[in-house]
Each structure stands twice: as C-alpha cells, then as structure tokens.
1. Which ones in region 244-267 are within 19 Å of S172 (Cα to Cα) and out of contact with any Ser or Thr (no Cβ under 9 Å at 6 or more places or on another chain)?
2. Kindly state which strands (runs of 3 or more DSSP E) lie completely within region 340-446 and contain at least 3 residues that are open to solvent by less than 10 Å² (accessible area, probe 1.4 Å).
3. Could you tell me which residue of region 86-108 is surrounded by the most Cβ atoms within 10 Å (Cβ to Cβ), considering only residues that are of a type outside the set (G, A, S) and in a helix (DSSP H, G or I)?
4. Identify all residues within region 281-295 that are in contact with a Lys or Arg (Cβ under 8 Å, 6 or more places away or on another chain) and surrounded by 23 or more Cβ atoms within 10 Å (Cβ to Cβ); write none if there are none.
5. Check I355, I372, I323 and return the single one that is under 24 Å from Y182 (Cβ atoms) and not polar (S, T, N, Q).
6. Being touching a Cys at 6+ places or on another chain (Cβ under 7 Å), open to solvent by less than 60 Å² (accessible area, probe 1.4 Å) and either part of a helix (DSSP H, G or I) or not hydroxyl-bearing (S, T, Y) (or both) narrows it down to one of P301, P223, so name that one.
7. Out of region 480-502, which residues are assigned to a helix (DSSP H, G or I) and either within 28 Å of the chain's Cα centre (by Cα) or more than 18 Å from Y186 (Cα to Cα) (or both)?
8. How about region 236-250: which of its residues are in contact with a Phe, Trp or Tyr (Cβ under 7 Å, 6 or more places away or on another chain) and outside any loop (DSSP other than H, G, I, E, B)?
Amino acid sequence: MNKKAALVMILLLLAPIAAIASTIRPASAVETLKVGVIGPYCLPQWHEHMGGMKGGALLAMMDGLGNINVGGTQYQVELVFADEHAYPIDEEAAYASAWSLCEQGCKFIIGGFRTEVVWPIIYAIRDWNEAHPDQKVIYMINGASTDELISQTVGVDYNRYKWLFRINPINSTMLGRNVFGYLAGYLLPKKLIPMYGSVKVGCLTEDLAWTQGICHFVMNILPTLPPFPPGMVTSVYCGRSPTGTTNFIPYLEAARSAGVNVLVIAYTLPDAIYLVQQWREGQYKFLLVGIDVFGQRGDYPTLTGGACEYEIFEDFAGTRTPITPQAVEFWDHFVGNFSAWPLYTAWGAYNGFIILKKALETAGTLDPDVVIATLEVQETLVLNGKSKFTSTHDVYSDEYGATWKNGYTRAFMVQWINTGNPANSKPFTHGFVKYVVCPVDQPYSKKTMFPPWIHPLGTWDLNFDGKIDIKDVAAVSKAFGALPGSPAWNIEAEVTCDFKIDIKDVAAISKRFGQFVSSWPPDP
C-alpha cells in the first residue's frame with residue numbers, strides 16, 4: 001500500500017471517531033438561556049437605582065439564580081432588556097418590543113408593568129407562539145394587576161394562552177380586598193367606629209382601567225360588609241383624577257365637604273406626590289389609605305417634603321421587614337448594590353427567577369409544555385411567603401384580612417412614620433420608616449398611628465374616646481409583658497414601637513393621664 005492510500009485509509013477510520021467527539025461537550029461547558037425582562041424604561045418601577053424591576057433581575061443573577069441545571073445541562077441566563085413603552089402609552093411599540101424579544105431567542109419573558117401595554121405584549125407573544133409552534137415562549141407578568149389580563153385569556157381559552165402566568169402582584173381584586181380587609185378587619189371596627197360612632201368613606205383614584213374595580217368596591221361593597229350594621233359605614237364620595245393631575249385641592253375639598261373620615265386612594269404614577277403634599281398642607285381630617293406605588297420608594301419622604309408621614313398604603317413589605325430570612329438578605333443586598341429600596345417590581349422580578357429556576361430544574365427540560373405543567377403544580381418559597389398559581393395561572397392568594405395564617409403571598413399595608421432617628425433608615429429617609437400595620441398578628445406588625453391634626457392623643461388613647469384615663473391604663477396593664485402572637489397581645493397598647501409591652505408603655509400612657517381632646521369626636 002503506498003503512502004497516499006494509507007493516509008486515505010487512516011482518515012476514513014478516524015472520521016466516525018471525530019463525528020462522535022464533535023457531539024460530546026466538556027463537562028464544564030455552559031449553555032446560554034436567554035430571558036427577556038420587559039418594563040417601563042421611563043418610570044422608577046424599572047430602574048435599578050430607583051428600586052425597580054431591572055434591579056431585581058440583576059440581583060437575581062448576582063445571587064446565582066441564573067445558574068440553572070436542566071436535565072444535566074448547565075445553563076447561564078442571559079438577560080435581554082426591552083422597553084414596554086408605558087409612559088406615554090405606545091401599544092404598537094410595546095407589541096414590537098415583545099416580538100423582538102421572541103426573535104432574539106428568549107424562551108421566557110418576565111415583566112409588564114402597565115395594563116394598557118401588557119395587552120399588546122400578550123398579543124405579540126401569542127402571535128409568535130402560533131407562528132412558531134416549535135419556539136414557544138412562556139410569559140410571566142410582573143407589575144400589572146388587572147384581573148382580565150389572566151381571566152380573559154387563560155381563563156377563557158386555556159389552550160391558546162396556557163403559556164401565560166402572573167407572578168406579581170396579586171390581581172386587582174385581591175389588592176382591593178387587601179385594602180378593604182384592613183379597613184373592615186381592623187381600622188374601622190378597632191379605631192374609627194369607636195372614635196366616630198359611624199364612619200364615612202370615599203375614594204380618589206387615577207382615571208385608569210385598573211382602578212375601576214376599586215371604586216366600585218368602595219362605593220357599593222364596603223358599606224355592606226359584615227360586621228357593620230346598616231348605616232354604620234356609608235360611602236359618600238368618589239373622585240377620579242386625570243393622568244398628570246397636580247392640583248388635588250378640589251378633590252380634597254370635595255371629600256371634606258362630604259364628611260369623609262377615610263379616603264381610599266389608588267395611584268401608580270407620580271401624581272400621588274402632589275396629592276399627599278396637599279393633604280398634609282391642608283391638614284385634612286381624614287386618613288389616606290390605599291395604593292400608592294410611588295409611596296413605596298425609599299426617597300418618598302424627600303419627594304413629598306415629609307408630607308407622606310401617616311399615609312397608609314399597600315406594599316410588599318415595610319422597611320427591611322423580616323417576612324422570611326431571605327427577605328432581609330434581599331433587602332440588604334439590593335440597597336448595598338443600588339442605593340435604593342426595592343419596589344414591588346424588583347421583588348417580583350427576583351421572585352420570578354426563584355420560581356423559574358425551580359421549575360426548570362424540576363422539569364429537567366426546556367420543553368415549554370413540560371415547564372408549563374411543572375409551573376401549574378409547583379409551590380415555591382419566595383421572598384415574601386409561599387407562591388403558587390391558580391388554575392388560570394394567576395398568583396394564588398387566599399388571605400387579605402387583619403391576620404395572616406397560611407403564609408401564601410399577599411400584600412401588606414404599611415405606614416410611613418418619622419421615628420426621628422436617622423439610624424433607622426440610613427441613608428435615604430432621615431428617620432422615616434415604613435411600618436407594617438396589616439396584618440396585625442406578625443412579630444413585625446405595628447399599630448396604625450393617627451396624624452396629630454386628627455387625634456393628637458391617638459397614640460396613647462387606647463379606646464379612642466378622646467381622653468387618657470383609667471381605662472387606658474387598665475388596657476396596657478392587662479397586656480403587660482405580652483409579645484406579638486401571645487394571647488394577651490394588644491397591638492394598641494404597644495405605644496413605644498419596640499415590639500413588646502412593658503414598663504415603657506405603661507409610663508408613656510401614665511405620663512399623659514388626665515389629658516383630653518376638647519372637641520370630640522374630631523370634626524371632618
């Protein structure tokens with residue numbers, strides 16, 4: 001055999017070996033898994049240094065949630081960011097952004113803050129999935145709460161929309177129930193009805209689709225809820241302000257003229273800054289309670305000039321609230337990296353990657369149908385409790401009252417309070433902190449405080465009769481030594497904000513013994 005023939009023979013023998021070798025990856029090889037994150041570039045709910053969604057996604061990568069083992073193959077998540085074009089609303093651009101994420105090879109997309117642009121995002125992913133059945137994308141909403149985003153898609157045509165989930169927040173109905181659970185389960189029966197005898201409620205919301213259900217509930221449902229007898233709670237005012245409103249005095253004056261004792265608000269946009277400032281400047285004698293997304297920001301006391309003190313609103317947590325050990329770690333890590341307090345969109349993005357990582361590692365495949373089936377039965381411990389999905393792929397949430405027993409994710413009610421101690425909130429808010437005021441049965445829960453222009457003795461008047469007397473001393477003495485969760489615990493008797501009832505609480509009330517409010521109950 002000549003040399004040329006020998007060489008050909010060797011090459012023919014080696015060819016199959018080379019072919020086999022080319023299919024074998026080194027054990028250390030890591031595949032890339034693209035995940036799109038789509039949010040409102042123009043709003044704080046996106047930017048990491050304002051506490052937004054992008055920060056939650058970046059932090060998830062820093063904490064290793066992007067390292068995912070799928071059936072023995074190691075993947076590293078590559079984040080692909082896109083603008084949802086939420087402000088001003090541009091539905092065509094939102095559709096194009098979502099389509100582009102699909103074209104770029106994203107197998108999963110997380111995000112969608114504003115309802116009006118989440119619809120075209122859903123339609124874009126639907127159209128992509130129907131045009132590319134072998135490249136289906138799973139979409140997890142993070143930010144938009146409107147019920148119909150899920151109920152009118154997965155809830156109506158499961159087979160067409162089964163790739164759609166909502167991971168955050170709970171839907172608008174549950175958000176509303178959470179506010180009203182606080183009102184009906186605690187604030188009205190425990191504080192306002194003892195003060196006023198009967199209570200008048202009103203609502204003031206931004207004029208957007210997601211707030212319509214909240215207005216309906218305030219005006220038509222809240223007064224009928226047990227345990228209120230007819231006439232004890234009445235709804236007397238409803239206002240809806242156009243986007244961009246800066247003068248809220250006409251709305252506040254209308255609420256005052258109607259005799260409102262508590263005004264339920266619902267705002268996602270910076271309009272609320274002006275509302276809160278003008279409420280404080282006018283010292284309107286009604287509490288502000290509801291939804292204020294900008295109120296979640298750590299710099300809100302600066303934005304409002306301190307006017308946010310005593311405002312009560314929904315949030316994922318208070319200031320560094322130890323809902324779970326992971327929640328405190330997440331908070332500290334977020335603040336340390338981005339010098340901002342995390343907003344709910346940041347919590348949602350981080351939770352989304354916790355859920356996604358568990359689902360993929362459990363499924364052992366990237367096959368979307370298998371991953372969907374896994375998500376449908378999966379229960380995951382996330383930053384703020386246990387998380388799972390309903391049969392229509394919405395966030396499961398079963399509690400919205402004054403107590404929290406089952407541990408599934410829910411919204412909290414928090415209140416801005418100026419502690420006067422900058423160390424409590426360093427370095428952002430100069431002594432302002434967000435205390436959890438509902439649920440009331442947790443180790444970190446605090447009592448709801450009254451602004452002094454509504455009830456100057458509200459901190460120490462435990463039965464809300466306008467005076468400090470033996471009844472208040474008896475109430476704090478009865479609870480003496482109690483800690484949160486114990487049978488004797490009375491959150492109203494904890495007046496020094498140190499999570500226990502001791503001699504300091506007795507002394508604080510005794511010091512004011514005999515003081516009274518000359519005009520009682522407070523005039524609206």
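The values are calculated or read from the model by the stated rules, or taken from the named source; none is laboratory data. The shown structure was predicted, so the numbers you read here are calculated from the model rather than taken from an experiment. As a convention, Cβ positions derive from the backbone with ideal geometry for all residues, glycine included, and neighbour counts pool all protein chains shown. Protein only, heavy atoms only, side chains kept; ligands, DNA and RNA dropped before computing areas. Shrake-Rupley method; radii C 1.70, N 1.55, O 1.52, S 1.80 Å.
1. L263
2. Those strands (runs of 3 or more DSSP E) span 412-418, 432-438.
3. Among those residues, the one meeting the criterion is L101.
4. F286
5. Answer to the selection: I323.
6. Only one candidate passes the filter, namely P301.
7. Selection gives I491, E492.
8. G239, S241, listed by residue number.
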